[in-house]
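We did not get these values from a lab; they are worked out from the coordinates using the rules stated. It should be emphasised that the depicted structure is a prediction, and the values quoted were computed from it without experimental measurement. Glycine gets a Cβ as well: all are built from the backbone with ideal geometry, and neighbour counts include every protein chain shown.
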Amino acid sequence: VDVSPAILWITEKDGSCTYLSQQWYEVTGQTPEEALGFGWLNATHPEDKEETARIYRDANEKQIPFYAEYRLRTKSGAYRWAINAGNPRFDEHGNYLGFAGTVFDIHDRVVAEEQRKFAEREIQEREENLRTLANTIPQLAWIANRDGSVSWYNQRWFE
C-alpha cells in the first residue's frame, strides 16, 4: 500500500480518518497527529475546504460513494489539484463501518484543461475582432474553404 502512487485512506463510521497511507504524509507534510480524524481537511485549499467537507460528510451520513476535486496543499506550501473518491464499507451483516478511498493527483490534467479553455477563448475573441473589422470596412470580404465553397460573407457583401 505504501508504495502505491495513490494515497489510500480508511475511516470509521463517524467519518473520522483512522488510516492514511505513507504517500499522504510525503505529499502534504502533515504528521499522523495532524492528519487523522478530520485533520486531513486542513490540507485542502481554504477556498475548497468547506465544499469538500460538505461532500464528504453528506456521503458519510448517507453511506454512499463520493467524489470530490479540490486543491491539496503540498509540504512545499504549493497547491495541486486532486481527486478524492471513497466507497462505504459494510460488514457481512450490512452494518456500516466507514469509508475506504483514494486520492489521486490530477494537477497536470486540470492545468492543461484550463490552458486549453484559455486558448479557445483567445481564438474566439480574435475571430470576433476580425469579423467586426471585416464587417466595418467598405470592401467586400468573404472566407472560402479549400474546396472553393464560401463559408462566410461580410455585411457589406449583403448590402
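Observations on the structure shown:
- Using a Gaussian network model of the chain in which every pair of alpha carbons under 10 angstrom is joined by a spring, one finds that among A68, A141, A85 the greatest mean-square fluctuation is at A141.
- Convex hull per residue volume in Å³, alpha carbons only, for segment 59-151: 228 Å³
- The chain: Lys pairs at Cα distance under 28 angstrom, eight or more positions apart or on different chains: 5
- DSSP loop trypsin sites (Lys or Arg not before Pro) with at most 12 other Cβ within 10 Å excluded, longest remaining stretch of the chain: 1-74
- Y153 versus A100: modelled label distance in nm, points set 7 Å from Cα along the beta carbon direction: 6.8 nm
- Translational diffusion of the chain, µm² s⁻¹ [Kirkwood Rh, Cα pairs; Stokes-Einstein; 25 °C; 0.890 mPa s]: 127 µm²/s
- In degrees, nearest ten, helix 46-62 long axis to first principal axis of the chain (Cα): 60 degrees
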